[in-house]
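Participant: Before anything else, here's the structure in question.
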Amino acid sequence: MVTFHLYLQNGLKQPFLWWVTADDGRTVASGETDWSKLAELAEQWERPTCIVWLDGRLVRFVRAKVPARNRQQLRRAFPYAVEDWFAEDVEQLHFALSEPDDDGVVSALVVREDVMQTLADHFRELNWAPTLVTADYSALSGGADVVRHPEKILLHLMGNAPEHDAVGGFEPSIGDAALALWRSNHDDIAPNLRVIGESAEEGASQNADWSQVLKKPAVGAINLLQGRHIIRAERHGALKMLRPLLASVTAVIILLVALGTIKWIDLSQRVKQLTEAQRIVFQKAFPGVRVRNPYRQMRAMARNQGDPSQGDFLTLLAVFHKVYASTKDVEVTSVQYRAKRNELQVDLVAPDYQTFEQLKTALARQGMQVKPISANRNGERYVGRLMFSGASS
């Protein structure tokens, strides 16, 4: 097994450094690349475990003690607890947090959102998910470690308190000043100094290149792949191959949902019509009573009009409503229930006598006993009455 290292050593500027290490830490290959050539390297090495080292000058290290009951609350509260330390709006920054230490202090790596988004976009194009994205100074171990390069200085100098820390990647002049300040507060500790790309200073060891420094992250290194910036690869490109099929399936689902929605709207309108018909029938049966819930009110009224064991007003009304709802141009003018005879009397206005016959026939088909029709012509319409009861009456 090998590990692929990608070092964005100069911010997001190309080219980048890359190297591959074996299990024993040996560097087996290295070179420079850019985003366009990285795809070839990914194929060549069969997308192995990948560590991305970000230029420490892009990533800030902070520590703070923030009271929180759980991890989710901590993620929400931490940025605003330290927002005074940043010139940028914390909404434009990505905070990757460590677990609280024994004293409740939380460490965080902070980088601009657009840096993480750029990184995520490129790796998704490569169909390659890095295992770890962290700052280059996260490879420094212990509480006092320094790496000097002609272009920058990496410091990992932990202080007695968060405000005394000197951790990060700095321009040489700023890094030297931070190192001097830290030494003035910790004169009893001698930092471990390594030099890259220039003659070794007295008392410093020299490494050939960055691959000798950035071998592996130190214990407790913070992974920037947190929250919405977790990058996942599409295994073997299978998902890319399935995308046209998924798009077709999605289109079918959308169509079915649309048809279902149309059907639901149609049923909803039908329910509204039936509810309105219930309201009209209730008002005719019980004039002067305020309509709130026709169904429940009719049940209550039925109980009040007689012994429920002697009849079922609601059943008769439901049968009539079913017949009435399927008949056009009929107006109900009055509904009365005779509890002792379990009989419903409905006064109607219809366009012709034949409509009364149709209603009578339909009620009979529902098992009702219908009395002879009483209907007379009144102008261009017929006014009449239907009286019916259940089959057992």
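Participant: Find the Cα radius of gyration of segment 58-107, compare it with 2.2 N^0.38 Å by division, and give the number to two decimals. Present the calculation step by step, with values, prior to reporting the outcome.
Facilitator: Details: Rg = 10.6 Å, N = 50, 2.2 N^0.38 = 9.7 Å.
Normalised Rg, Cα atoms only: 1.09.
Participant: Continuing with this model, one more query. Extent of segment 97-164 along each principal axis, from alpha carbon coordinates, in Å, largest to smallest?
Facilitator: The Cα atoms of segment 97-164 stretch 44, 36, 19 Å along the principal axes, largest first.
Participant: Which pairs in the list Lys13/Lys152; Lys328/Lys360; Lys65/Lys216; Lys152/Lys216; Lys272/Lys328; Lys13/Lys37 are over 24 Å apart, alpha-carbon to alpha-carbon?
Facilitator: Values: Lys13/Lys152 15 Å; Lys328/Lys360 15 Å; Lys65/Lys216 28 Å; Lys152/Lys216 20 Å; Lys272/Lys328 17 Å; Lys13/Lys37 14 Å.
In this structure, Lys65/Lys216 lie more than 24 Å apart at Cα.
Participant: Can you give the Rg/Rh ratio of segment 3-233, where Rg is from the C-alpha atoms and Rh is the Kirkwood radius?
Facilitator: Details: Rg = 17.8 Å, Rh = 18.5 Å.
Checking Rg against Rh, the ratio lands at 0.96.
Participant: What nm value, rounded to one decimal, do you get for the distance between Glu113 and Lys322 when each label is placed 7 Å out toward the C-beta?
Facilitator: Placing both labels 7 Å along Cα→Cβ, they lie 6.0 nm apart.
Participant: So what is log10(I(q)/I(0)) for segment 309-387 at q = 0.12, 0.25, 0.26 1/Å, when the Debye sum runs over its Cα atoms only?
Facilitator: Summing over Cα pairs of segment 309-387 leads to -0.31, -1.28, -1.37.
Participant: Would you kindly derive the ³J(HN,Hα) couplings of segment 371-376 from the backbone phi angles with the Karplus curve 6.51 cos²θ - 1.76 cosθ + 1.60 (θ = phi - 60°), listing them in order in whole Hz, with x for Gly and Pro?
Facilitator: Values per residue, Gly and Pro as x: 7, x, 6, 10, 8, 9 Hz.
Participant: Loop-only check: which trypsin sites (Lys or Arg not before Pro) in segment 1-84 are DSSP coil with at most 12 other Cβ within 10 angstrom?
Facilitator: On the way: sites: Lys13, Arg26, Lys37, Arg57, Arg60, Arg63, Lys65, Arg69, Arg71, Arg75, Arg76; in loops: Lys13, Arg26, Arg57, Arg69.
Passing both the DSSP loop test and the Cβ count: Lys13, Arg26, Arg69.
Participant: With +1 assigned to the C-beta of every Lys and Arg and -1 to the C-beta of every Asp and Glu, and no other charges, what is the dipole magnitude of segment 3-233 about the Cα centre in debye, to the nearest 20?
Facilitator: Values: 22 positive and 34 negative charges, 135 e Å.
Around 640 debye, computed over segment 3-233.
Since every read-out is calculated from the coordinates, none of them should be taken as a lab result. Just so it is clear, the model here is predicted, and its values are computed rather than measured. A quick note on method: Cβ atoms are made from the backbone with ideal geometry, for glycine too, and the neighbour counts reach across all protein chains shown.
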